[in-house]
Amino acid sequence: MNASIIGQMAVSGALMGLVYALIAYGFQLTYATSKSINFGQGELVMVSAFFSLTLTNLGFSYWFMVPGGLLFGALLGLVVERAGVRLALEQKSEGWILLTIIIGLFFFSAAENIWGRDDRPFPTPISADPIHFLGVDVTRLELAVAVGVLGIMGLIELFKRRTLLGKAFEAVSADRDAAELMGISATRTVMLSYGLSGAVAALAGILVSPITTVGPTMASAIILKAFSVAVVAGLDSGFGVVLIGMFLGALESLSSYYLGSGWREAPGLILLILALAVRPTGVFGKAIIRKV
Amino acid sequence: MLRQTLYGSLILAALGLQAGDTVKIALTGPFSGGSAPMGTSARDGSKLAIGEINAAGGIQVGAKKMKIEIIERDDEAKNERGALIAQELAAMSDLTGVIGTVNTGVCMAGDKHLQEKGITKIICPAAGSASMTQWANKPDKPGVKDNSIFRFAAHDGIQAAMVVEEAINRKFTKVAVVFDSTNYGVSGRDDMLDQIKKQGNKLEVVAQEKFNIGDKDMTAQLLRAKSAGAQAILIWGIGPELAAVSNGMAKINLKVPLIGGWTLSMSNYIDNAGKNGNGTLMPQTFIEEPITPKAKAFIDGYHKAFKVGRIPSPVAAAQGYDAVYIMAAAVKQAGSTDTKKVKEALEDLKEPVPGVIATWNRPYTKWDPADVTTHEAFRREQTVMGMVKDGRVVFGNDADRERLRKSALSATPAKAKAKKK
């Protein structure tokens, strides 16, 4: 009995952890090209989820709604880049920190006014019935989260390695100035990274909403954990966020079982402090020596 | 024809009639946010009753007929908003009464301002015990001598008793008590534990689990309840989190009944839980089933006037409706719109008031700080077990349908009689 409970808590925690990993991956995408992060990423998750819900309510099928939602997320990502990041980067200032937070707040107010403050169910054709598997109950919804998260991350990694545009992306990530000298437009690449990051946020919203419901505050708890995952794993390891995300998710649900639900967040925060103290570049991060 | 005039007058009432010869009644509650299904239903139920009264020419006050004028305030379920609104209402010199408030915290924050000025309020439908017991005698300090706050809702004491009773009737011996960390949830847990003791300790509480507002993942709490062998989950919380509990139970294959406070009938519980909500049991004072001609007229009237196919919270709507008729009867008996005279009339209503839930026969008596039930209208008899079935709340037991039908058709026993037993 006990072993199956540990298994149950670890598995359902790890599957939720994949959502943290996906959002953390969105942070990595923009950090790689521009060394900036959208602090309003949680609001992108939420607004895209609401938009996808609206598409569904208008009668579009699930398989049309998913790309529609992703496209919308990508557009929002571009808006954030244009309005909050580009000017700050051009002026080599850290203004993007405040600007992305402000844009996030704006999205939040807009969502409250357009869709209201209530939590709503998010319909999905994927069944929520549990499947019994090696003594553990897993719902198809949770499996869909795993498939979706690993699928889109795999696709983006393939894109970065196999296509010309992707290679430009990698080049800008490695050395922005050198890439510009080679004729790659760094501005375009940063736009691309924000667009991808927005699409990733939208997918996270679409995948998680059937489990958590859609509401203006749906992402506020998730986003902090995603940020912890990104920092603990390091801001440049896609493989790292998946591992750390699953680990953090499992740790959370195990501690809420053994220590009580009030202590749910504590081990994750301790992990974050430890990581910052011991390995500031992240467990999977590379220490970069910058030559001056 | 009658309906049309009714809606016409509803609109008139909403626009607000000319001041002067009107009875001013304030309707308050949360009309946005997580508690909105209860707040808007109570408000709209009240508006329906006010529309009917105004369509018939108004209330007979002394020699003339006066229409009701509505003052509407949204407290957003926030304690501080509630306090501000109460201060504003307390400052109105010509206010006859207040009907409303969903959240116990809002009652605690605001009602003192109304009570200070002696403004008559009927709390509807906040159920938390504390909103009335705050006026009663306590071990360390005596209660207020004169109280202008009344309640028109099945308070948590009644509800907790019914929840425990239902679990015992179903021959359960082990239960898990699950509650949210707000005032409402914690006092609900205390009421339930208290009732388990009172009803002979027939239930063993194998797990006590808490969750927070906004929590979506209840796996840990539910697994603990499951591994402790709970045969039922007794729960106190609010719509969205209750739905997360139901969905979590389906996920870990915990197939036991969920029994809890009337909030389990909120539309945001029913919709978010979907088919996982089927079979959930909760105390109700009104079920959206046309068991009497009056109930049918009320349900149809509500659906048409507010263009819905399902009342978001039928209990709140029906209570809002009946509360207006009781207030109107008090105004008529007092022959005055003066809030203090209305209060005295409320404490001694001579004529039975026909409502959609019951025919109210002297629902309140003179305030006694040693006995809050003097200002509580509901008794166990007006409450039944409701059950969620395919997106609606239906009767949990068929016998209850008949009982409620009878109580709605005949007058409730007078207060003095009810108190003796």
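Every read-out reported here was derived from the displayed coordinates using simple, explicitly stated rules and does not represent laboratory data. This is a predicted model, so every value here is computed, not measured. Cβ atoms come from the backbone with ideal geometry, glycine included; neighbour counts cover every protein chain shown.
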Virtual spin-label span in nm between A:H132 and B:K304, 7 Å along Cα→Cβ: 5.3
Under 5 Å between amide H atoms, partner at least 5 residues away or on a different chain: which partners does B:E69 have, H built in plane at 1.01 Å? B:V23, B:K24, B:I25
Amide N of region A:243-257 lying under 14 Å from the label point, which is placed 7 angstrom from the Cα of A:I270 along Cα→Cβ: A:251-257
Pairs beyond 19 Å (Cα-Cα), from A:K92/A:K286; B:K78/B:K138; B:K78/B:K117; B:K198/B:K366; B:K294/B:K406; B:K24/B:K366: A:K92/A:K286; B:K78/B:K138; B:K78/B:K117; B:K198/B:K366; B:K24/B:K366
Per-pair calculated FRET efficiency, R0 = 22 Å: A:L87 and A:R188 via Cβ, rounded to 0.05: 0.85
Would you kindly state how much longer the chain becomes between B:K171 and B:D368 on full extension, computed as 0.36 nm times their sequence separation minus their alpha carbon distance, in nm to one decimal? 67.1 nm
Please report, in debye to the nearest 20, how large the charge dipole of region B:156-283 is about its Cα centre when each Lys and Arg carries +1 at its beta carbon and each Asp and Glu carries -1 there. 540
Please report B:W236, B:W360, B:W135 as a ranked list, fewest other C-beta atoms within 10 angstrom at the top and most at the bottom. B:W135, B:W360, B:W236
Given unit charges at Cβ for Lys, Arg (+) and Asp, Glu (-), the dipole magnitude of region B:251-378 about its Cα centre in debye, nearest 20, is 460
Roughly how many nanometres apart are two label points built 7 Å out from the Cα toward the Cβ at B:K141 and A:D175? 7.5
Enter the Cα centre distance for the pair region B:335-414 and region A:94-141, rounded to the nearest angstrom. 42
Computed FRET value (nearest 0.05) for B:A228 with B:A130, which takes r as the C-beta separation and R₀ as 35 Å: 0.75
Treating cross-link reach as a plain straight distance, find the aspartates and glutamates whose alpha-carbon is under 18 Å from the alpha-carbon of B:K304, omitting any fewer than eight places away in the same chain. B:D44, B:E52, B:E288, B:E289
Looking at region B:131-209 from every direction and averaging, what is the projected area of its Cα convex hull in nm²? 6.5
Suppose we take every Cα in region A:199-292 and form the convex hull; what volume per residue is that in Å³? 128
Using Cβ counts within 10 Å as a stand-in for footprinting exposure, how do A:L78, A:L134, B:L242, A:L269 rank, fewest first? A:L134, A:L269, A:L78, B:L242
Each residue of region A:193-203 in order: what ³J(HN,Hα) in whole Hz does its phi give by Karplus 6.51 cos²θ - 1.76 cosθ + 1.60, θ = phi - 60°, with x for Gly and Pro? 5, 5, x, 4, 4, x, 5, 5, 4, 4, 5
Where does the charge balance sit around A:L89 when Lys and Arg score +1, Asp and Glu -1, over other residues with C-beta under 11 Å from its C-beta? +1
With 20 Å bins from 0: P(r) over the protein assembly as shown, alpha-carbon pairs, percent: 17, 43, 29, 10, 1
For B:V178, list long-range residues whose amide hydrogen, built 1.01 Å from N in the peptide plane, is under 5 Å from its own amide hydrogen. B:E209, B:L234, B:I235, B:W236
Hey, got the Cα dimensions of region B:300-407 along the principal axes, in Å, largest first? 46, 33, 23
What is the sum of charges, Lys and Arg at +1 and Asp and Glu at -1, for the other residues whose Cβ falls under 10 Å from the Cβ of B:D21? +2
Just for the Cα atoms in region B:156-283, what are the lengths along the principal axes, largest first, rounded to whole Å? 35, 28, 23
Modelled label reach - A:T281, point 7 Å along Cα→Cβ, region A:219-247 residues with backbone N closer than 12 Å: A:234-237
Treating cross-link reach as a plain straight distance, find the aspartates and glutamates whose alpha-carbon is under 20 Å from the alpha-carbon of B:K202, omitting any fewer than eight places away in the same chain. B:E165, B:E166, B:D190, B:D191, B:D194
Calculated Rg and Dmax of chain B using C-alpha coordinates, Å: 20.7, 69
For region B:76-89, in order, what is each residue's ³J(HN,Hα) by Karplus, 6.51 cos²θ - 1.76 cosθ + 1.60 with θ = phi - 60°, in whole Hz (x at glycine and Pro)? 6, 6, 9, 4, 6, 5, x, 5, 4, 5, 4, 5, 4, 5
Alpha-carbon centroid distance for the pair region B:265-294 / region B:139-200, whole angstrom: 20
Gyration tensor (Cα) of region A:1-141, equivalent ellipsoid semi-axes in angstrom: 33, 21, 13
Listed peptides B:35-46, B:79-90 by packing density, highest first (mean Cβ within 10 Å): B:35-46, B:79-90
So for B:V164, A:V283, B:V372, fewest C-beta neighbours within 10 Å to most, what's the order? A:V283, B:V372, B:V164
